[in-house]
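Quick note: the coordinates plus some simple rules give every number you see, no bench work behind them. Everything quoted here is computed from the prediction, not taken from an experiment. Methodologically, a virtual Cβ is constructed for each residue, glycine included, from the backbone with ideal geometry; neighbour enumeration extends over all protein chains shown.
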Amino acid sequence: MTDPTADLLPQGLEDRLPASARALTAARRAVLDTMDGWGYDRVIPPLVEFEASMAQRMGDGRASGAATRRMFRFTDPASLRTLALRSDMTAQVGRIAATSLAHAPRPLRLCYAGETATIASDQLDPARQRLQLGAELVGSDGVAAAAEMVGLAVEALGAAGARGVSVDFTLPDLVDTLAAEAFPLAPERIDAVRRELDSKDAGALRDVGGKAYLPLLYAAGPFDEAVERLAAIDAGGALASRIAGLREIAAKAGGKARLTLDPTERHGFEYQSWFGFTLYAEGVRGTLGRGGTYRIGGSDEAATGFTLYIDPLVDALGAAPAGDLLYLPLGHDTETGARMRAVGWRTLAALGDGEDPVLLGCTHRLDGGEARPL
């Protein structure tokens, strides 16, 4: 008896059929072309690496432990060491920058694209395999680097077809900065204050000793208004440089995207340093990417970068049209077929009598060395 489940795919994995695959390929190419235009050189890390190496590059022990538990792991029969299937490519690019390209001039601009997989999906996104694209500016985490990353990310999404792009800024180390002096906190209270700020729970924030942090809850919204509310908080100048940086980054965005500010947002920014941003687009559910400043795990070199996950964008845009397809009948001149492909035609060569070129999706037929509409 035939097993009806034999061809089922695992949860969170799916095939992309021709129209969908065509759309994703076009969007991927557009993003990579944009990055190339900004001077970012592409690197292609391997799909599998030693787990220990990946863990080292993913941050501190707690962070790396959580990250590696999300990766498929297995034993390498050659070395008998544990291998991991990548769940994120950023750490791999950091390894390349710190090893093979350690002596390359800084700032070093790299970009990448590849598939990633995780053991389990998160609650908001059921996918366990995703196309990840990104850019990393290694050797700089200042305002100029952050502004370049925001500009590049917005332009790349636009090239991929996104409309109405919005960028939400955040300050991942805000609590640590204020707790050091302006709004002192005992070390054991810092995580609790971060948590309640993230959940926007004013009552709980008071309960954990974060009363002084309450004004931060209201410094969120459209950028111009939110940054003014943030600047009005009397923090003894502790936030002055960060606010100036935010304003400069926003000014350089030049009206190319809608800008918002949520200075206490931490979800997805646990390992960023002073600046982070999230990317959205009209008609697309959820986030399309995140970026910010950070330190490369293992080498502690300053860097700024972003990651894009464009599958939801492609799904929202719908299938890409196939375009014109030229039917090459039996006995056609092969040199003519090659010439037609050289000038941009997609061709489909006949394999036998009785074929219906229209049924096969062709829009034109080669006739006398010319393309004739069907």
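Relative to the dominant Cα principal axis of the chain, helix 240-253 is inclined by about 20°. Between residue 50 and residue 36, the simple spin-label model (points 7 angstrom out along Cα→Cβ) gives 3.4 nm.
Simple point charges give the picture: +1 on the Cβ of Lys and Arg, -1 on the Cβ of Asp and Glu, and for the chain a dipole about the Cα centre of about 380 debye. In the chain, taking the dipole from charged Cβ atoms about the Cα centre, the farthest positive-side position among 139, 2, 287 is held by 139. Charged side chains reduced to their Cβ positions (Lys and Arg at +1, Asp and Glu at -1) give the range 325-373 a dipole of some 240 debye around its Cα centre. Karplus-based coupling profile of the range 134-145, in residue order and whole Hz: x, 9, 10, 10, 8, x, 8, 9, x, 4, 4, 5, with θ = phi - 60° in 6.51 cos²θ - 1.76 cosθ + 1.60 and x standing for Gly or Pro.
Sorting check: for 193-200, 345-352, which peptide has the highest mean count of neighbouring beta carbons within 10 Å, and how do the rest follow?
Working: 193-200: 19.0, 345-352: 13.6.
My ranking of the peptides, most packed first, is 193-200, 345-352.
Given the options 80, 352, 209, identify the residue whose Cα lies farthest towards the positive end of the charge dipole of the chain (+1 on Cβ of Lys, Arg; -1 on Cβ of Asp, Glu). It is 209.
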